[in-house]
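Novice: Encoded as structure tokens, here's the structure I'll be asking about.
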Amino acid sequence: MTGIEFKVQPHGAPVSKAQRQELISNPGFGKVFTDHMVMIRYSDDLGWHDAAILPRGPLSIDPACAVLHYAQEIFEGLKAYRLPDGGIGFFRPDANARRFQKSAERLAMPQLPEDIFLASIRELVSIDRDWMPTIEGGSLYLRPFMFASETFLGVKPASEYLYLVIASPVGAYFKGGAPAVSLWISDDYSRAGPGGTGAAKCGGNYAASLLPQSEAIAQGCDQVVFLDAAEHRYVEELGGMNVFFIFEDGSMTTPELGTILPGITRDSIMTLARDQGVAVREEKYAIDQWKADAESGRLREAFACGTAAVVTPIGTVRGTTTNFTIGNGGPGIVTEKLRSQLTAIQRGLAPDPHGWLHRLD
Ligand SMILES: *Cc1c(COP(=O)(O)O)cnc(C)c1O
């Protein structure tokens with residue numbers, strides 16, 4: 001039990017069963033939403049209060065609402081999965097709760113207690129459990145977020161915030177094995193700099209990544225890959241996914257923490273690989289080295305990872321002055337093995353030695 005009670009106000013006119021079945025049979029990503037949402041208020045005076053499960057619907061905010069001007073906003077992303085026995089599991093929600101607190105700290109926002117975060121996602125999935133997709137590879141994507149809701153144009157941390165959770169049924173990001181993607185190296189832009197907000201999951205980081213991502217698409221690539229802001233030399237991550245490199249000796253490298261987002265998928269993959277005796281290094285990896293290793297064959301595979309797409313093989317890398325292919329340009333064997341091992345744990349189909357799966361009931 002948590003110290004907070006959720007007042008439940010069920011939706012008066014929820015989506016009909018027939019329409020819901022239709023929607024969850026092919027939900028895509030982030031387009032379909034469930035009937036309810038969580039809302040909790042915070043004020044400096046009252047702390048966390050007015051926790052409620054409400055019909056999902058528009059918010060009414062003042063044009064001077066602080067978030068609209070200074071972008072004091074953070075979010076999380078995690079999935080609930082249907083388990084083989086018909087139950088529902090969350091994958092490492094405690095890690096999301098802790099990261100949400102860290103992001104809040106960096107954005108000068110109040111920290112939501114871990115138990116309230118966990119209770120909030122449980123409450124929402126309980127009431128909207130019929131929205132869990134039944135299709136192969138489907139899941140319920142949960143989006144907790146918080147923003148400065150004070151009506152005030154002064155530049156300071158707001159004194160009022162809203163925390164919400166919405167849920168979206170999603171299909172498999174890729175049906176079958178994930179195809180390899182192409183990356184565009186951004187020459188002109190950085191995602192985050194030393195001392196900045198790169199390690200916080202905040203909307204502002206995404207706003208800054210959209211132009212370089214559009215540039216990648218215009219260049220015919222799938223995703224942008226960012227290099228470090230100081231030397232423009234070391235690989236950091238994609239707009240919303242961490243990266244891994246797999247070498248011929250079986251070892252793996254992933255960029256060290258600091259200016260990158262500490263992905264829970266990244267951490268889970270490092271743990272799975274180390275469990276199997278794989279040497280995993282967290283260290284700087286230069287773009288020139290990446291090219292040299294890909295060309296010499298020392299680098300066998302590379303992949304990107306995050307909650308939404310889980311694991312995505314990287315096939316080719318291009319930039320204004322460079323162009324190289326990793327392996328044969330297609331999905332690699334070790335990448336595919338890690339992807340299937342991780343998804344099996346997430347779906348309750350494999351032993352869970354680290355206790356990553358939290359059951360709803
Ligand atoms: C959320 C996110 C990731 C992936 O984190 P997961 O916890 O694995 O989903 C990676 N990079 C950025 C910038 C992100 O926002």
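Novice: Hey, fewest Cβ within 10 Å first, where do 81, 161, 173 land in order? It would help to have the intermediate numbers written out before the result.
Specialist: Values: 81 22, 161 26, 173 17.
In order of increasing Cβ crowding within 10 Å: 173, 81, 161.
Novice: Right, something else. Relative contact order for the chain: what is it in percent, counting Cα pairs under 8 Å that are at least 6 residues apart?
Specialist: Working: 769 pairs, mean separation 64.7, N = 361.
Over the chain, the number comes to 18 percent.
Novice: Further, regarding this structure: What angle, in degrees between 0 and 90 and rounded to the nearest 10, separates the Cα long axis of helix 287-296 from the longest principal axis of the Cα atoms of the chain?
Specialist: For 287-296 against the chain, the angle is about 50 degrees.
Novice: Using the structure shown, select from 17/201; 7/156; 79/201; 31/284; 7/79; 7/201 the pairs with a Cα to Cα distance greater than 26 angstrom.
Specialist: Details: 17/201 35 Å; 7/156 31 Å; 79/201 16 Å; 31/284 37 Å; 7/79 24 Å; 7/201 28 Å.
Listed pairs above 26 Å: 17/201; 7/156; 31/284; 7/201.
Novice: Still on this structure: Determine the dipole magnitude for the chain: charges of +1 sit on the beta-carbon of Lys and Arg, -1 on that of Asp and Glu, nothing else is charged, the reference point is the Cα centre, and the result goes in debye to the nearest 20.
Specialist: Details: 33 positive and 42 negative charges, 139 e Å.
Rounded to the nearest 20 debye, it is 660 debye.
Novice: Going toward the positive end of the dipole of the chain, with +1 on Lys and Arg Cβ and -1 on Asp and Glu Cβ, which of 15, 244, 165 do you reach last?
Specialist: 15
Novice: Can you tell me which of 106-112, 315-321, 276-282, 13-19 comes out highest on packing, and rank the rest after it, using the mean Cβ neighbours within 10 Å? The partial results should precede the final answer.
Specialist: Numbers: 106-112: 18.6, 315-321: 16.4, 276-282: 13.0, 13-19: 11.3.
With the highest mean Cβ count within 10 Å placed first, the list reads 106-112, 315-321, 276-282, 13-19.
Novice: Along the positive direction of the dipole of the range 181-346 (beta-carbon charges: Lys, Arg +1; Asp, Glu -1; about the Cα centre), which of 264, 208, 279 reaches farthest?
Specialist: Farthest towards the positive end: 264.
Novice: Would you compute, from DSSP H runs of 4+ residues alone, the mean residue ellipticity of the chain at 222 nm, taking -39500 (n - 2.57) per run and dividing by the full residue count, rounded to the nearest 500?
Specialist: On the way: 8 runs with 93 residues, N = 361.
Roughly -8000 deg cm²/dmol at 222 nm, from the helical runs in the chain.
Novice: Just to confirm the number: angle between the C-alpha axis of helix 114-127 and the first principal axis of the chain, 0 to 90 degrees, nearest 10?
Specialist: Long axis of 114-127 versus the principal axis of the chain: about 80 degrees.
Novice: Then there's this: Quick one: Cα centre-to-centre distance for the range 101-179 and the range 301-361, in angstrom?
Specialist: 23
Quick note: the coordinates plus some simple rules give every number you see, no bench work behind them. All values reported here derive from a predicted model rather than from experimental measurement. Virtual Cβ from ideal backbone geometry, glycine too; neighbours counted across all protein chains shown.
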